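Single-structure report; data block below.
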Amino acid sequence: GAAYLQDRWEFEGLVLNAGVRYDLFTPGDQIGDLALRSGHRYKQQFSPRLGIAYPISDRDVLSFHYGWTYQTPARSYVFENRGLSSSVGTKGNPDLQPETNIAYQAGVQHLFSRDISGQFGVFFKDIYGLITVRLERAADGTLVNKFFNGDYASARGFEASLSKSFSHKFSADINYTYSI
């Protein structure tokens, strides 16, 4: 389940969008309490979002965005190979936590002429709780692969674009993104 609240404020050119999202995830009653090592049947998170745009001149706008997103694990990561006699290589984990992404972006837009504009922005993103596989000892003593939250990733880079709006019977867009 999820719920989202957002509001927008405008004052003398400044635009502020603020919101918060609440996410709730559970693997359901078909999973017994013994399979949930964390002891938490319900995984929940509040995810803030904030966006600001401000005109710094009659041709330039500065913007900033900060936000969290929350992604529940795919059903196959939770329920795969839960039976005792299954021959699938990796066992699902009903105790997985959702993946959390924290992103930042700052940019500037410039109006070169009435129909040509450009934008430049930098971005950063941290990703926590990525799903990976590790060996775990089963109740019968054998080693089995099992999904778990264990990886971290990050991305950063910049984006640049140039747009010509429709006039003189054509329009065009040029975009470039560099990401690490």
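Assorted remarks:
- Of all the options I131, I52, I116, the one that moves most in a Gaussian network model of the chain with Cα springs shorter than 10 angstrom is I116.
- In sequence order, region 146-157 has phi-based couplings of 9, 6, 7, 7, x, 10, 10, 9, 9, 9, 8, x Hz under the Karplus curve 6.51 cos²θ - 1.76 cosθ + 1.60, θ = phi - 60°, and Gly or Pro positions carry x.
- Rounded to the nearest 20 debye, the dipole magnitude of region 54-180 is 200 debye, with +1 charges on Lys and Arg beta carbons, -1 on Asp and Glu beta carbons, and the Cα centre as origin.
- Only protein atoms count toward the accessible area here, which uses a 1.4 Å probe; on the chain, the carbon and sulfur part of that area reaches 57 percent.
- Altogether, the Stokes-Einstein calculation at 4 °C and 1.567 mPa s, with the Kirkwood radius of the chain over Cα pairs as Rh, returns a diffusion coefficient of 65 µm²/s.
- Accessible area of the chain divided out per residue, in Å², using a probe of 1.4 angstrom: 67
- Under the Karplus curve 6.51 cos²θ - 1.76 cosθ + 1.60, θ = phi - 60°, whole-Hz ³J(HN,Hα) for region 96-101, x wherever Gly or Pro sits: 5, 8, x, 6, 10, 10
- Relative contact order of the chain, pairs being alpha-carbon contacts under 8 Å that are 6 or more residues apart, as %: 15
The values are calculated or read from the model by the stated rules, or taken from the named source; none is laboratory data. Only a predicted model underlies this, so the values are computations on that prediction, with no experimental measurement involved. We place every Cβ from the backbone using ideal geometry, glycine too, and count neighbours over all the protein chains shown. Areas reflect the complete protein model, heavy atoms only, side chains present, ligands, DNA and RNA absent. Shrake-Rupley method; radii C 1.70, N 1.55, O 1.52, S 1.80 Å.
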